[in-house]
Amino acid sequence: HPMLLAHWDALGLEAGTRVFVPLCGKSLDMHWLRERGHDVVGVELSEIATAAFFDEAGLTPKRTVRGDFIEFTAGGYTLLCGDFFDLQPSRLGPFDAVYDRAALIALPPEMRAAYGALLCRILPSDARGLCITLEFEEARKPGPPIGRGASRETAS
């Protein structure tokens, strides 16, 4: 994603740091992060998307059931398949950074505060992050703007 390319280096993260990617889907951005030496840990609800990510990367993941999640691990990637809101900090381990590419905006407005609160609970206080989101006039058409040609993309 162009915003990832433009802003990631400003976080000052070294190779080997762990990056958390919530609601990761099968984002190609995870490959970019891995190519920079980061260990990538994502959470995705869809087992189909999780399997497709590894398949498209030519990786055969180890599949382990861990409570409410299925963990897929291979090639420096760990993807947890399950409900993001069921995450516990102990399940994830420590992180140095978070990369949110439209996860926040993909959620209905009434779930966004809970999403932010959970991120605050599972990430260390000194974690750095990049959140790529969209601005749009929700009053004109409520709900996530995915697929609607939102007005402006921002990174913070």
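A few points about this structure:
- Qualifying residue in region 15-32 (condition: touching a residue at least 24 places away in the same chain (Cβ under 8 Å), among the charged types (D, E, K, R), in a loop (DSSP other than H, G, I, E, B) and within 26 Å of Ala113 (Cα to Cα)): yes
One line per residue, one yes/no per condition, for (1) part of a loop (DSSP other than H, G, I, E, B); (2) modelled with pLDDT under 90; (3) under 15 Å from the mean Cα position of the chain (by Cα):
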{"position": "Ser90", "(1), (2), (3)": "no, yes, no"}
{"position": "Asp100", "(1), (2), (3)": "no, no, yes"}
{"position": "Leu104", "(1), (2), (3)": "no, yes, yes"}
{"position": "Tyr115", "(1), (2), (3)": "no, no, yes"}
{"position": "Leu130", "(1), (2), (3)": "no, no, yes"}
{"position": "Thr133", "(1), (2), (3)": "no, yes, yes"}
{"position": "Arg140", "(1), (2), (3)": "yes, yes, no"}
{"position": "Pro145", "(1), (2), (3)": "yes, yes, no"}
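- Leading residue by the ranking (modelled with the highest pLDDT) among those in region 117-128 that are crowded, with 16+ Cβ neighbours inside 10 Å and in a loop (DSSP other than H, G, I, E, B): Ala127
- Restricting attention to region 60-71 and to residues that are part of a strand (DSSP E or B) and surrounded by 13 or more Cβ atoms within 10 Å (Cβ to Cβ), the residue that is farthest from the chain's Cα centre (by Cα) turns out to be Arg63.
- Where a residue in region 104-118 is small (Gly, Ala, Ser) and its partner, wherever it lies, is open to solvent by 50 Å² or more (accessible area, probe 1.4 Å) and assigned to a helix (DSSP H, G or I), with Cβ under 7 Å and at least six apart: Ala114/Phe85
- Taken over region 71-92, the criterion of being touching a strand residue (DSSP E or B) at 6+ places or on another chain (Cβ under 6 Å) and touching a residue at least 12 places away in the same chain (Cβ under 8 Å) is satisfied by Phe72, Thr73, Gly76, Tyr77, Thr78, Leu79, Leu80, Cys81, Gly82, Phe84.
- Filter result for the condition that a residue is open to solvent by 30 Å² or more (accessible area, probe 1.4 Å) and under 18 Å from Cys131 (Cα atoms), over Ala51, Ala57, Ala15, Ala10: Ala10
- Any chance Glu44 is open to solvent by less than 40 Å² (accessible area, probe 1.4 Å) and acidic (Asp, Glu): yes
- The single condition among (1) free of Cβ contacts under 8 Å to residues at least 40 places away in the same chain; (2) closer than 27 Å to Glu135 by Cβ; (3) charged (D, E, K, R) that Asp68 does not satisfy is (2).
The values are calculated or read from the model by the stated rules, or taken from the named source; none is laboratory data. Worth saying up front: this structure is predicted, and the values here are computed from it rather than measured. In this analysis, Cβ positions are derived from the backbone assuming ideal geometry, glycine residues included, and neighbour counts consider all displayed protein chains. Side chains included, ligands, DNA and RNA excluded: accessible areas come from the protein's heavy atoms. Shrake-Rupley method; radii C 1.70, N 1.55, O 1.52, S 1.80 Å.
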